[in-house]
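All of the numbers you see were taken from the coordinates with simple rules; none came from a lab. Just so you know, these numbers come straight off a predicted model, no measurement behind them. Every residue, glycine as well, gets a Cβ built from its backbone with ideal geometry; the counts of neighbours run over all protein chains shown.
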Ligand SMILES: Cc1cc2nc3c(=O)[nH]c(=O)nc-3n(C[C@H](O)[C@H](O)[C@H](O)COP(=O)(O)OP(=O)(O)OC[C@H]3O[C@@H](n4cnc5c(N)ncnc54)[C@H](O)[C@@H]3O)c2cc1C
Ligand code: SF4
Ligand code: SF4
Ligand code: FES
């Protein structure tokens, strides 16, 4: 049994993309990431496919790409999920393409900078576990890919900024939270349409809805207890 | 301007230390911090905080770290590490790391291998990720102030050096392909040598080891390269080994073999005091022998109480269930040792200065703190504290180096792809010589096979030499100590209570043994 990959390729952002097709024995690999590794290390095609990876166990967010049209982590995409045996691989579309499947996700980090994603004072202990859940964010960008309201360069930063904000808000006593609340309102709350596509897609399993509920309570409805 | 290579725990910690002192630095890394191996750390970070009412002390932490490392670590460096550990972990808590806490608000500590007291602070079983998120945010604060200049997607090419003094570094922007020569001293925080054993370690492929090999080829001394930690409990997943954290045993997991249908808990039978929590070198060796003589080894976690699963190990259970069709609450998990950590690396002193002036190293890429075997939970501590210490030492050069990034447009032979399969070939050769149980003959035949390897490219050549240095270090140590166990020399010998130092000079890899510093009397040099 074989599995076929249609890989959207280009050498640089300015080039017109084309599809290259590679076929590989199914039994040799279990995930899309493993297949890409074999394709490259065994030179099944002349020019290795450029893609980003690091941990290979869905904990670093590097390998996010469009797999059969869905933003996912390549190391978490098992081939047995695709019995039809043909999978299209494309780079995420909301970020500029660097080469092949590798995109420049710099906007995510630029937005965290604009958001002022840091604590102003030492953390106050957060007993709801919000900080724990929020800190799991891989900054992979899958949520932004599916978010109807996010576009690169806009003032709405999407769920990858919600996670950062929620951690900080959760750990900051209400009386010190003014700056964080303002950023949250301006860059998240006002722009979010609550469709929750982000929750369904998140490969880290982050319950973005819960984070919104907690952060809204503090930043929008001012229901957080003062310390 | 100081150049930091690597943005994992050690690199972030160095950047934060410099920035807090008002010193500018560049934080250069192949990928963003979210992608560094440090995010994978699970079980926790050690500090004698003594919050569990067991009377733990920093002195005991010191003694157990030295003993765990089979007395091959620098005692003054270790003393500074263990003395500072409570302050390091308290600082991390202040940055918002959601450590598990006791009802009184103090940090909960768990048991980890080689330690008689509960000493490991943790955030469930995702401690590394939690610390990395908090540190990345804190460093961002100083990025906004212009004190930390981030250069993600830039890879290390070579040090700029006349062979004596390191005056800068050449890097490549992997997005554009442009090379830059940066001036200023260098702190290497490049992580471990995973890429020397492709698909065989629990770590990340980004740490290819080529950077270390280049630094070695540029004449910098390395130490204790034979000391490779096999973690006792790993499982194979696509393309790598997946760790089952020591926290599983710290919270009650037990190792067993099946005999006549019943579990036989061999570690508890042989080591009544520490049992399943003996240091990792011992546990891995016992599993190796048990698998050889008695069959499959299992990690039995079925006795772990429900609330521990829920509050302390939830991520671990999820992970196991994701990769196996079994629930560790109900069924024992088959495990095998796997390569996990490199105790050896750039040879540094207690101030984290390398043998080349103007070069510092910290984190897993340096040889510091762990001697012949690292205790679980000491590596994140060593990375954070090592980054701090290296930064303090390097700050004497704060005024030198410039902010300019000058484009280099000449040839760079080190910039090329490795030919297909070359990594795997080298990895298999090294694995044959450097297993859990070693002997002179297999190491020599590995060396013979290494000699036959033809290298077409510059990166292959430097990698081959660092590989050779690993094998020669192991051959030169004609004893067994810590992670280095030789069937043909099973005893630990006083004559080898020295650091293995290796250097490439005049095209030849040389191995020498250097005396470990005496312990300073007094209260240690708390940095
Ligand atoms: C699965 C797992 C679990 C672990 N659990 C624990 C634990 O519970 N407790 C504990 O104490 N330790 C644990 N460890 C060990 C610990 O996590 C690491 O030793 C430590 O985090 C290393 O930090 P570091 O900063 O030295 O390196 P890393 O985090 O590996 O960072 C290396 C940095 O260097 C960069 N880099 C690499 N090569 C290049 C190059 N050529 N050019 C430019 N940049 C480059 C990378 O991008 C990265 O930013 C664990 C390790 C693993 C793999
Ligand atoms: S919220 Fe989830 S999908 Fe979005 S960046 Fe974080 S981990 Fe990725
Ligand atoms: S709820 Fe919808 S609009 Fe809001 S961040 Fe998620 S995907 Fe975007
Ligand atoms: S490689 Fe880290 S998430 Fe896939």
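Averaging Cα coordinates gives a centre for region B:18-37 and one for region B:216-243; these two points are 24 Å apart. Among B:513, B:122, B:216, the ranking by other beta carbons within 10 Å of each residue's beta carbon, starting with the fewest, stands as B:513, B:216, B:122. Peptides B:315-328, A:170-183 ordered by packing proxy, namely the average of other Cβ atoms within 10 Å per residue, highest first: A:170-183, B:315-328.
Springs between Cα atoms under 10 Å define the GNM used for chain A, and in it the highest mean-square fluctuation of A:151, A:18, A:184 occurs at A:18.
Evaluated at q = 0.17 Å⁻¹, a Debye calculation over the C-alpha positions of region B:422-514 (equal weights, vacuum) places log10 I(q)/I(0) at -0.73. Calculate log10 I(q)/I(0) of region B:216-286 for q = 0.19, 0.20 Å⁻¹, where I(q) comes from the Debye formula with a single equal point scatterer on each Cα and nothing for solvent. Log10 of I(q)/I(0), two decimals: -0.87, -0.93.
The largest-to-smallest principal axis extents of the Cα set in region B:240-337 are 33, 29, 28 Å.
Relative to the current alpha-carbon distance between residue A:104 and residue A:81, full extension at 0.36 nm per residue lengthens the span by 5.5 nm.
Counting Cβ atoms of other protein chains within 10 Å of each residue's Cβ and taking the mean over peptide A:102-108 gives 2.
When the helices of chain B are scored as -39500 (n - 2.57) per DSSP H run of n ≥ 4 and the total is divided over every residue, the value at 222 nm lands at -10000 deg cm²/dmol.
Counting neighbouring Cβ atoms within 10 Å and putting the fewest first, the residues B:227, B:66, A:1 line up as A:1, B:66, B:227.
Over region A:106-226, what portion of Cα pair distances is larger than 27 Å, expressed as a whole percent? That tail contains 8 percent of the Cα-Cα pairs.
When the Gaussian network model of chain A links Cα atoms closer than 10 Å, the mean-square fluctuations of A:87, A:201, A:19 top out at A:19. Its Kirkwood hydrodynamic radius, worked out from the mean inverse distance over all distinct Cα pairs, puts the protein assembly as shown at 26.3 Å.
When the P(r) is computed for chain B, the part past 40 Å accounts for 18% of the Cα-Cα pairs. When the P(r) of chain A is calculated, the portion above 21 Å amounts to 57% of the C-alpha pairs. Listed from fewest to most Cβ neighbours within 10 Å, the set B:415, B:162 follows the order B:162, B:415.
Residues of region A:133-176 with an amide N closer than 17 Å to a point placed 7 Å from the Cα of residue A:124 along the Cα-to-Cβ direction: A:166-176.
The label-point distance for residue B:407 and residue B:144, in a model that sets each label 7 Å from Cα toward Cβ, rounds to 3.3 nm. Take each residue of peptide B:313-320, count the partner chain Cβ atoms within 10 Å of its Cβ, and average: the result is 1.
Per-residue ellipticity at 222 nm computed for chain A from its helices equals -8500 deg cm²/dmol, with DSSP H segments shorter than 4 residues left out and the rest contributing -39,500 (n - 2.57).
Counting only other chain Cβ atoms within 10 Å of each residue's Cβ, the peptide A:25-34 averages 2.
Highest-first packing order for the peptide set B:342-349, B:107-114 is B:342-349, B:107-114, based on the mean count of other beta carbon atoms within 10 Å.
A Gaussian network model of chain A, with springs between Cα atoms under 10 Å, assigns the largest mean-square fluctuation among A:52, A:34, A:121 to A:121.
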